[in-house]
Amino acid sequence: MTTTAPSLGSVLTCPECGHAKHEVMPTNACQFFYECERCKAVLRPKAGDFCVFCSFGSVKCPSMQMQHGPPSCGA
């Protein structure tokens, strides 16, 4: 059985000002907050999402990519 490694790069786009920046996602925890470097808005996950990458990223977080269901955030 072959397992594909998750992609760790994602472009986060601020919903307030539209600023987009490539970021590397953590593999050991979910990222609950992200501060936009342009407008300083603090992004938080949308309802039903587990991290800012799932809500505002071009690629969902590694836990969701691996389809483990809800990520084990902070574990």
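Odds and ends about this structure:
- Set S58, S10: member being small (G, A, S), modelled with pLDDT of 85 or more and touching a helix residue (DSSP H, G or I) at 6+ places or on another chain (Cβ under 6 Å): S10
- Residues that are in contact with a Lys or Arg (Cβ under 7 Å, 6 or more places away or on another chain) and assigned to a strand (DSSP E or B), drawn from region 12-47: L12
- Whenever a residue of region 12-40 is more than 16 Å from S58 (Cβ to Cβ), its partners that are of a type outside the set (A, V, I, L, M, F, W, C) and in a strand (DSSP E or B), lying with C-beta atoms within less than 9 angstrom and at least six residues away or across chains, give the pairs E37/K21; R38/K21.
- Residue in region 1-24 that is nearest to the chain's Cα centre (by Cα), counting only those that are of a type in the set (S, T, Y) and exposed (fewer than 10 other Cβ atoms within 10 Å of the Cβ): T4
- Cβ-Cβ contacts under 7 Å between residues 6 or more apart (or on different chains), taken from a first residue in region 49-75 that is at negative phi and among the basic types (K, R) to a second residue that is at pLDDT 80 or above and surrounded by 19 or more Cβ atoms within 10 Å (Cβ to Cβ), are listed as K60/F53; K60/C54.
- Selection within region 25-54 - closer than 18 Å to G9 by Cβ, under 12 Å from the mean Cα position of the chain (by Cα), at pLDDT 95 or above and not aromatic (F, W, Y): L43, V52
The values are calculated or read from the model by the stated rules, or taken from the named source; none is laboratory data. Keep in mind that what you see is a predicted model, and the values were worked out from it rather than measured. Because the Cβ atoms are built from the backbone with ideal geometry, glycine has one as well, and the counts that use them run over all protein chains shown.
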